[in-house]
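Engineer: I am attaching a structure below and will ask some questions about it afterwards.
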Amino acid sequence: MDLKLKDKVVLVTGGTGGIGTAIVKGFLAEGAKVAFSSTRQEKIDALLPTLGAAEGQVAGFVADLNNEEDIKNFVEGAKAHFGTIDIVVPNAGYEGKAHPVQDMTLELFEKTYMLNVFAVMLTMKYAAPTLIEKGSGAVVVIASAAAYEPTAGNSAYVSSKYAVAGLTKCVAMELGPCGINVNYVCPGPVDTPMMLRIEKDFFGDMPHEEAMAALAGAYAMDKRYAKPEEVANAVLYLASEVSAHTAGMGMHVDSKVSATS
């Protein structure tokens with residue numbers, strides 16, 4: 001199936017993380033041009049040689065997504081580099097820290113919401129005018145299965161993903177009449193360094209296989225975490241013309257969570 005992504009200009013936040021790198025590679029394989037952000041130049045320099053991209057097909061930008069000016073500069077710099085913007089993938093996220101509500105702090109909530117909600121909103125804010133002017137495009141936000149399945153002790157992360165799902169649905173209604181499809185992907189546990197941090201946060205020094213069994217062992221289809229490439233494939237579909245009649249939808253990549261929501 002031709003997803004018609006060749007030469008589309010794609011913005012990806014958090015492009016050097018596990019899911020972000022898979023998304024970048026997925027778009028490049030489809031012939032798209034990709035601008036991605038990362039927190040440090042060293043991460044960008046390490047990733048670029050591994051992508052196998054054609055000359056001029058990909059560019060990395062240092063951006064602190066906790067800072068509005070950095071987000072604006074990333075979007076504007078990517079547009080200046082490639083000449084336009086067609087697809088926006090707010091991917092960067094923060095897992096937060098597990099605490100019962102009596103031990104929760106406003107600082108932790110603010111840190112979690114800044115990256116998981118406010119940075120997503122600001123990325124869409126600064127990219128939207130270009131998409132509106134073109135009268136076409138797509139936005140695919142990385143949310144989480146946590147937007148549908150609460151977890152005791154994880155209120156900051158879970159509520160931030162509920163919030164980003166609601167935000168994305170609202171923006172889908174705003175931009176849909178302008179010819180722009182806006183959707184979101186809801187991964188369950190994914191085999192990334194972030195997931196290892198979550199295991200450590202919840203289970204301490206429990207061996208990885210035991211922690212994975214606790215977090216994913218009850219899943220209906222198989223007893224494993226999702227692969228980053230499986231999340232990326234969902235993003236490619238929702239960013240493409242193939243899904244042009246889909247808007248405001250949360251696509252689950254979780255093996256079973258959506259079946260119980």
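Engineer: If Rh is defined by the Kirkwood formula over all Cα pairs and Rg also comes from Cα, what ratio Rg/Rh do you get for region 112-179?
Structural biologist: For region 112-179, the value is 1.05.
Engineer: Between Q57 and S136, what length in nm is gained on full extension when 0.36 nm per residue of separation is reduced by their alpha carbon distance?
Structural biologist: 26.3 nm
Engineer: Still on this structure, I have one more. Nothing charged except the Cβ atoms of Lys and Arg (+1) and of Asp and Glu (-1): what's the magnitude of the dipole of region 52-132 about its Cα centre? Round to the nearest 20 debye.
Structural biologist: Charge dipole of region 52-132: 180 debye, to the nearest 20.
Engineer: So for the pair E110, A29, with labels modelled 7 Å out along Cα→Cβ, what separation do we get in nm?
Structural biologist: Modelled inter-label distance: 4.2 nm.
Engineer: Exactly which GluC sites (Glu not before Pro) in region 27-97 are in a DSSP loop and have at most 10 other Cβ atoms within 10 Å?
Structural biologist: Of the GluC sites (Glu not before Pro), the ones in loops of region 27-97 whose Cβ has at most 10 other Cβ atoms within 10 Å are E55.
Engineer: Further question on the same structure: Extension gain K125-E230, at 0.36 nm per residue separation less the Cα-Cα distance, in nm?
Structural biologist: 35.0 nm
Engineer: Let me ask something else about it. So for the pair A80, K43, with labels modelled 7 Å out along Cα→Cβ, what separation do we get in nm?
Structural biologist: 2.3 nm
Only the coordinates and a few stated rules stand behind these numbers; no lab work does. Everything quoted here is computed from the prediction, not taken from an experiment. All Cβ positions, glycine included, derive from the backbone under ideal geometry; neighbour counts span all protein chains shown.
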